[in-house]
Ligand code: SF4
Ligand code: SF4
């Protein structure tokens, strides 16, 4: 836009300035902002942790299960974790409200826990991750998926083998 056209537009419509923080500012639909994590659908593969170039993601085995932490002040918003996550359990939101004071830096984290559970089949303790079912053929029914979720990795594998043999 040349100067005269810009001048004329600003005279009629006013300059393009957002009244933020006194009113909400529009955010582009594909804006890459704050990370969100869904422990319900996570398979616990830890791929997101390995591909994060900033080391912003840490998954840690604890007595209660596996914790997930994503430090918003380390994240460089590259989208690598979302791209590689097989279940889309981690994704970037359009939320850019991440300004904080130094004393708040330890609060700038997306924290979640994948808890332990007792396997419904063998009674052993295992992580209550979502089962990896994408490569299972024919596809699992919702009831089968729910059943698998309640099992430990060994019993899950046994269930899949038995299902394959019966097909
Ligand atoms: S969020 Fe995705 S990539 Fe990360 S551990 Fe869970 S399933 Fe794997
Ligand atoms: S967006 Fe990039 S830097 Fe941020 S947590 Fe994901 S992989 Fe790491």
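Restricting to the stretch 16-151, compute how many DSSP beta bridges are antiparallel as a %, nearest 5.
100 percent
How would you order 28-35, 85-92 from highest to lowest mean count of nearby Cβ atoms within 10 Å?
Ranking the peptides 28-35, 85-92 by packing returns 85-92, 28-35.
Which order do 109, 76 fall in if you start with the one that has the fewest other Cβ atoms within 10 Å?
With the fewest neighbours first, 109, 76 line up as 76, 109.
Expressed in whole Å with the largest first, what are the equivalent ellipsoid semi-axes of the stretch 119-167 derived from the C-alpha gyration tensor as the square root of 5 times each eigenvalue?
Here the semi-axes work out to 18, 12, 9 Å.
Which residues does the label zone of residue 6 cover in the stretch 12-46, counting backbone N under 19 Å from a point 7 Å along Cα→Cβ?
12-18
Is the stretch 46-109 best put as rounded, prolate or oblate by its Cα gyration tensor, with a ≥ b ≥ c the root eigenvalues, rounded for a/c under 1.5, and otherwise prolate when a/b is larger than b/c, oblate when not?
Oblate, since a/c reaches 1.5 and b/c is not below a/b.
Just 135, 143, 12 to compare: in a GNM of the chain, with alpha carbon springs under 10 Å, which one fluctuates most?
12
Please identify, among 150, 120, 63, the residue showing maximal mean-square fluctuation in a Gaussian network model of the chain using a 10 angstrom Cα cutoff.
Taking springs between Cα atoms under 10 Å, the residue moving most is 63.
Which of rounded, prolate, oblate describes the chain, given a ≥ b ≥ c as roots of the alpha-carbon gyration tensor eigenvalues and a/c under 1.5 marking rounded, otherwise prolate only if a/b is larger than b/c?
prolate
Which residues among the stretch 37-76 fall inside the zone where the amide N is under 15 Å from a point 7 Å beyond the Cα of residue 161, along Cα→Cβ?
none
Can you tell me the length gained on complete extension of the stretch residue 102 to residue 18, counting 0.36 nm per residue apart and subtracting the Cα distance?
Stretched fully, the residue 102-residue 18 segment lengthens by 27.6 nm.
Modelling each spin label as a point 7 Å along the Cα-to-Cβ direction, I'd like the residue 150/residue 94 distance in nm, to one decimal.
Once both label points are built, they end up 4.0 nm from each other.
Here, each number is a calculation from the coordinates, and none is a lab measurement. A quick note: this is a predicted structure, and the numbers were derived from the prediction, not measured. Quick reminder, even Gly has a Cβ in these numbers, built from the backbone with ideal geometry, and neighbours come from all protein chains shown.
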